Amino acid sequence: GMDGVIATNTTIDKTSVAGLAHGEEAGGLSGSPVFEPSNKVIAALAKYLDGRLPIIGVGGIQSGDDAIAKQQAGASAVQVYTGFIYHGPKLVGDVGRALKGN
C-alpha cells in the first residue's frame, strides 16, 4: 500500500528553456520551469485519486501564492526545495502564512 503521493520532481523536457543560455545542457530542470507542468500532474492525480491519498505538491514553488496554486490543483501539502535555495527561510514563512490563510 501507499500512504501518499509526491508529485512531481525534475523534468528533462527543455521546452521552457529553449533558446536560453545553457538551455541545451544535460540534466533535469527544477524550479520555475516545472511549476505549470507540475500543477497539471497534481490536478490529474487529484481527479484520479479522488481523495483516497494525500498529494504532496512539488515543483517550482517560489512564493506563498505558488503554494496556494499547488493546493488549488489538489495538493494536500507542499514541499519547497529549489525555491528555498534561492529565497532562504523567508520562503518557508511566506508559504506557511499563505497556506494558513487558505
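In the range 46-55 there is at least one residue that is open to solvent by 20 Å² or more (accessible area, probe 1.4 Å), of a type outside the set (S, T, Y), assigned to a helix (DSSP H, G or I) and closer than 19 Å to L99 by Cβ. Check the range 30-38 and report whether any residue there is assigned to a helix (DSSP H, G or I), under 11 Å from A75 (Cα atoms) and either open to solvent by 80 Å² or more (accessible area, probe 1.4 Å) or out of contact with any helix residue (DSSP H, G or I) (no Cβ under 7 Å at 6 or more places or on another chain) (or both). Yes. Selection of the range 32-89 for residues being closer than 23 Å to I12 by Cα and among the basic types (K, R) yields K40, K70. Residues in the range 64-86 that are open to solvent by less than 90 Å² (accessible area, probe 1.4 Å), out of contact with any Ser or Thr (no Cβ under 7 Å at 6 or more places or on another chain) and not hydrophobic (A, V, I, L, M, F, W, C): G64, D66, K70, Q71, G74, S76, Q79, G83.
Could you tell me whether the range 7-24 includes any residue that is open to solvent by 30 Å² or more (accessible area, probe 1.4 Å), polar (S, T, N, Q), modelled with pLDDT of 95 or more and in a loop (DSSP other than H, G, I, E, B)? No, that holds for no residue.
The values are calculated or read from the model by the stated rules, or taken from the named source; none is laboratory data. As the structure is a prediction and not an experimental result, all values here were calculated from the model. We place every Cβ from the backbone using ideal geometry, glycine too, and count neighbours over all the protein chains shown. Side chains are part of the model used for accessible areas, which takes the heavy atoms of the whole protein and leaves out ligands, DNA and RNA. Shrake-Rupley method; radii C 1.70, N 1.55, O 1.52, S 1.80 Å.
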